[in-house]
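Beneath this line is the structure, given in structure tokens, with notes to follow.
The values are calculated or read from the model by the stated rules, or taken from the named source; none is laboratory data. For clarity, every value in this text was computed on a predicted model and none was experimentally measured. Quick reminder, even Gly has a Cβ in these numbers, built from the backbone with ideal geometry, and neighbours come from all protein chains shown.
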Amino acid sequence: MKTRNPSRGYSLIECIVYMAALLVILGLAIALLHETFDHYHRLNRNADDIARALYVGERWRDEVRAAQSEPRWETTAAAPEFQIQHTNGLIRYAFHQGSVWRCGPDETHWALLLADVKNGPAWNQPVECTPPTGSGTSS
């Protein structure tokens, strides 16, 4: 009759310990992966905000450079307007309720250019967008 060598193979207790350690490591890895995805989405939103602000700024600068006369501020009932006399007509920009709006010469309605802007209407100051609320992520 053969005798078993107790040093060969793994015991049931050792297998359970190894499985528990593996589960802990996998749990931590999944939590870190989820946090990485949250950071990626937050960074992507910030990059989109920066790209949108740069596009609006370049459009505004192009319109100021192509102006037929000196741009001027006009005070209206709704919000102060930055008016640019262009070859096609009057282009108006306004900062109202935390957003930057534009109304072109052939447009009757105001178009939203930037939403959730922290500071304005000082057009020579940098634009800073507010972070979205209720995103479900923590900083």
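Here are the numbers for this structure:
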{"quantity": "Any pair with Cβ under 7 angstrom, 6 or more apart, that starts in the stretch 53-72 at a residue that is closer than 18 Å to residue 87 by Cα and ends at one that is at pLDDT below 90 and assigned to a helix (DSSP H, G or I)", "calculated": "71/64"}
{"quantity": "Count of the stretch 37-63 residues which are touching a strand residue (DSSP E or B) at 6+ places or on another chain (Cβ under 6 Å) and closer than 22 Å to residue 108 by Cα", "calculated": "2"}
{"quantity": "Odd one out for residue 125, checked against (1) at pLDDT 90 or above; (2) loosely packed, with under 10 Cβ neighbours inside 10 Å", "calculated": "(1)"}
{"quantity": "Pairs, first more than 16 Å from residue 64 (Cβ to Cβ) and hydroxyl-bearing (Ser, Thr, Tyr) in the stretch 96-111, second surrounded by 17 or more Cβ atoms within 10 Å (Cβ to Cβ) and modelled with pLDDT under 90, C-beta under 7 Å, six or more apart", "calculated": "99/114; 99/117"}
{"quantity": "Options 40, 55: the member that is at pLDDT 90 or above and surrounded by 11 or more Cβ atoms within 10 Å (Cβ to Cβ)", "calculated": "55"}
{"quantity": "Residue check for residue 21: out of contact with any Lys or Arg (no Cβ under 6 Å at 6 or more places or on another chain), at pLDDT 90 or above, within 27 Å of residue 117 (Cβ to Cβ) and surrounded by 10 or more Cβ atoms within 10 Å (Cβ to Cβ)", "calculated": "no"}
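Here is a yes/no grid of residues against (1) surrounded by 11 or more Cβ atoms within 10 Å (Cβ to Cβ); (2) at pLDDT below 80:
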site: 81; (1), (2): yes, no
site: 87; (1), (2): no, no
site: 103; (1), (2): yes, no
site: 113; (1), (2): yes, no
site: 119; (1), (2): yes, yes
